[in-house]
Amino acid sequence: MGSWEEFYATHLPPADFEDNRQLLKQFCENHLKDQSQNIVLVTSGGTIAPLEHNTVRFVDNFSAGSRGSASAEYFLERGYAVIFMFRTKSLEPFTRHFSGQQFLDMLDIIENGENSSISVKPDSVDVLFPILQKYKQAQETNRLLYVNFTSVSDYLWLLRAACECLAPFEKRALLYLAAAVSDFYVPEEDMPKHKIQSTGAPKISLDLVPKILKPLVSSWVPQAFVISFKLETDDSLLIQKSREALIKYNHKLVIANILHTRRYRVVMVSPTTEQEIVLSKEQVHSGLEIEEPIVNEIVKRHEQFQKPDQ
Ligand code: PAZ
């Protein structure tokens, strides 16, 4: 594995990087002046590891962006300004509630010649109204910024740019790193330019992605409240791995989850405590999302962290 410095030196930023950097700068500058405004960076969805420069094929992962997009909504409800950094085409706050077809099914055409219009079906108003209202409120108060990535390299460039803009918030900044970031990738210098031909079985050799949490915590946003997520499939490794991450990176909290139970069970692991959040079957069926108690607990801990003697 190369160092993180080497990674940035050998991988070009994505084409839209400068535009996104300006958006991040502007958004953060707007909120920095208000001393009571907290800000959270929510990362969401999976990254791809391309196999070719002109990418036809890539290695991807399972993440749909449910955790990140739902959490972004709950942070907005708790008054945070939210940078939602997400994988292109993964779930987004508010629109996540409707698939494209479901949304169209909520609408009606009112035929009236040239004055024809579209209306929301009466039985869909109750569903759409509260979501639209919250979305509009986030837009009107300019508290939600969307920036997107596709590859692991795009993600790392954007993450560093976001941290540069968040550093001046000091303890008011929260980083909620829920994206499922590739651990393995093909370094640019080892990647073929063109589509791999099917003339023989290809030999693909993956390298380790440098661990970015280390410089992030120690140098980029040293005063922020940083939370990472840990996903495992083997329950017996979950807490041990989370504890190892806390020791290695020295951040505040790891939210540990298992692939198949992640929608109703997480464990919040801090250097000194372990707290489980579990939803009952009834709670899940009644529509409660685990991200709501997760965000409530984090907001409580972030408030505590910001108290003067902490
Ligand atoms: O995106 P999603 O809702 O399908 O899944 C969420 C998650 C499991 C990706 C997230 O909770 C998480 O654990 N992210 C970190 C994964 C890891 O790198 O270990």
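Some values worked out for this structure:
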{"item": "Percent of alpha-carbon pairs separated by more than 23 Å within the chain", "result": "61 percent"}
{"item": "Neighbour cut-off at most 10 other Cβ (10 Å), DSSP loop, trypsin sites (Lys or Arg not before Pro), region 1-82", "result": "Lys33"}
{"item": "Projected-area average for region 1-43 over all orientations - Cα convex hull basis, square nanometres", "result": "4.6 nm²"}
{"item": "Stokes-Einstein diffusion coefficient of region 122-239, Kirkwood radius over Cα pairs, 37 °C, 0.692 mPa s, in µm²/s", "result": "178 µm²/s"}
{"item": "Sorted largest first, extent of region 157-310 alpha carbons per principal axis (Å)", "result": "60, 42, 28"}
{"item": "Given Lys136/Lys195; Lys33/Lys134; Lys25/Lys89; Lys89/Lys136, the pairs whose alpha carbons are separated by over 32 Å", "result": "Lys136/Lys195"}
{"item": "Packing-based exposure ordering (other Cβ within 10 Å, fewest first) of Tyr176, Tyr146", "result": "Tyr146, Tyr176"}
{"item": "Separation in nanometres of the label points that stand 7 Å from Cα toward Cβ, at Ser219 and Glu232", "result": "3.1 nm"}
{"item": "Span from the region 42-77 Cα centroid across to the region 103-182 one, whole angstrom", "result": "15 Å"}
{"item": "Lone cysteines, the chain (no partner Cβ under 4.7 Å)", "result": "Cys163"}
{"item": "The chain - share of DSSP beta bridges that are antiparallel (%, nearest 5)", "result": "35 percent"}
{"item": "Rounded FRET efficiency, nearest 0.05, which uses the C-beta distance separating Lys121 from Gln306 and R0 of 45 Å", "result": "0.50"}
{"item": "Kirkwood-type radius of region 188-232, with distances r between different C-alpha atoms, in Å", "result": "14.6 Å"}
{"item": "Sorted by Cβ neighbour density within 10 Å, fewest at the top, the residues Lys252, Lys214, Lys281", "result": "Lys281, Lys214, Lys252"}
{"item": "Residue order, fewest to most surrounding Cβ atoms within 10 angstrom, among Thr43, Thr55", "result": "Thr55, Thr43"}
{"item": "Spatial separation of Cα centroids for region 18-41 and region 218-283, in angstrom", "result": "27 Å"}
{"item": "Region 175-280 - share of DSSP beta bridges that are antiparallel (%, nearest 5)", "result": "55 percent"}
{"item": "Estimated FRET transfer efficiency when R0 is 30 angstrom, pair Leu206-His260 (beta carbons, to 0.05)", "result": "0.75"}
{"item": "Label point 7 Å beyond Cα of Glu297 along Cβ direction - residues of region 267-286 with amide nitrogen under 19 Å", "result": "267-285"}
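Only the coordinates and a few stated rules stand behind these numbers; no lab work does. The structure displayed is predicted, hence computed values, not measured ones. Note that each Cβ is placed from the backbone with ideal geometry, even for glycine, and that neighbours are counted across all protein chains shown.
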